[in-house]
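Below is one structure, written out as structure tokens, with a few remarks after it.
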Amino acid sequence: MNPVFIQTLQRTLVGAAAVSMLAMFAPPTGNTQGIKATATTVTPKGAVDPYTLQKQLQALEKRVLELEKEALETADDAADSDAAAAIVDQRLRDGDVAVKQLTARLASVEKNASDDKSDAGKGNKDGADDDKPMTVTAPFLVVDEDGKPLLRVGEDDGSFSRGLYVFNDKGASVAHMGARLDGLGRVYVSKPNTTPTAVLSAQPEGGALLLGNGSSDLVVLLNIRSLSFMSDSKATLALFGTKDRAKGYLELNDSSGTKMVEAGMLNNNKGYVLASPYRATVDPHGDPSVLKGAGK
């Protein structure tokens, strides 16, 4: 056989097998050590794509068949056909081994992908909790696809108190859930660039609900003692509640907060209504400014 032919055939077969083996068994280049959680999704560099392996397998099988055909055709014209055939057989066996290895790897990758899908479909029914929750360090801002803020989470920085803020499509804060300086929680909603219009707040003695008119301070207060309505000048106009949480009580006031009508009960368990202005009288029918239960 022509020595030049044998050398060319050897280089061709060895080169094809080396390229294929390199593509199959090159180590992953991705490194997850030290990676921190971010809002950007990153595809791992070391991930194996079954489709890519399938294409590699098809290309390798095709190349082996082509080499076999070329070698046999050339060997027919060679002087030492037995030696050429032996070399060709050995190289083709090497190619078959590479094909089998790539086929096994492809089957393994496909099986792992199928197992992952099966595990995801189970929904962790066995109660296992191997996944650790993702930790995100505040402050951080979430924006929409136009770059406008959706919500902000952070500590007290002088302009925002500790907690979460929600923004409208104009970039104005309209809702908040967080903590007060005294460590108690609160939730509020508001119109843009105004004081809160509704606040649900924890108080040292219990919960409280406060409502505002959107342009001034809060004008309605509900707590464990009473329900109060205030004027825009912060004077209490009406109060319905209790006395020491032991007796019912009602109070109606004028715009300055002066009490005009009071209703409740005395220590002798008699109810009364007191209207102002009232006057002292010795009339046998009693004081018309005072109504009291069970006689005078």
Which listed residue is of a type in the set (Val, Ile, Thr) and within 30 Å of Lys259 (Cα to Cα), from Val220, Val187: Val220
Conditions (1) outside the structural domain of Pro149 (by TED's automatic domain parsing); (2) part of a strand (DSSP E or B); (3) surrounded by 13 or more Cβ atoms within 10 Å (Cβ to Cβ); number of the one not met by Gly257: (2)
Filtered residues of the range 130-183 (kept if over 25 Å from Ser201 (Cα atoms) and among the polar types (S, T, N, Q)): Thr135, Thr137
Evaluation of Glu251 against (1) modelled with pLDDT under 85; (2) surrounded by 11 or more Cβ atoms within 10 Å (Cβ to Cβ); (3) among the acidic types (Asp, Glu) (one fails), failing number: (1)
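One line per residue, one yes/no per condition, for (1) polar (S, T, N, Q); (2) modelled with pLDDT of 90 or more; (3) assigned to a strand (DSSP E or B):
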site: Met177; (1), (2), (3): no, yes, yes
site: Asp182; (1), (2), (3): no, no, no
site: Val187; (1), (2), (3): no, yes, yes
site: Asn193; (1), (2), (3): yes, no, no
site: Val199; (1), (2), (3): no, yes, yes
site: Ala208; (1), (2), (3): no, yes, yes
site: Leu211; (1), (2), (3): no, yes, yes
site: Ser215; (1), (2), (3): yes, no, no
site: Val220; (1), (2), (3): no, yes, yes
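The values are calculated or read from the model by the stated rules, or taken from the named source; none is laboratory data. Bear in mind the structure is a predicted one, so any value in this text is a computation, not a measurement. Note that we place each Cβ from the backbone using ideal geometry, even for glycine, and neighbour counts take in every protein chain shown.
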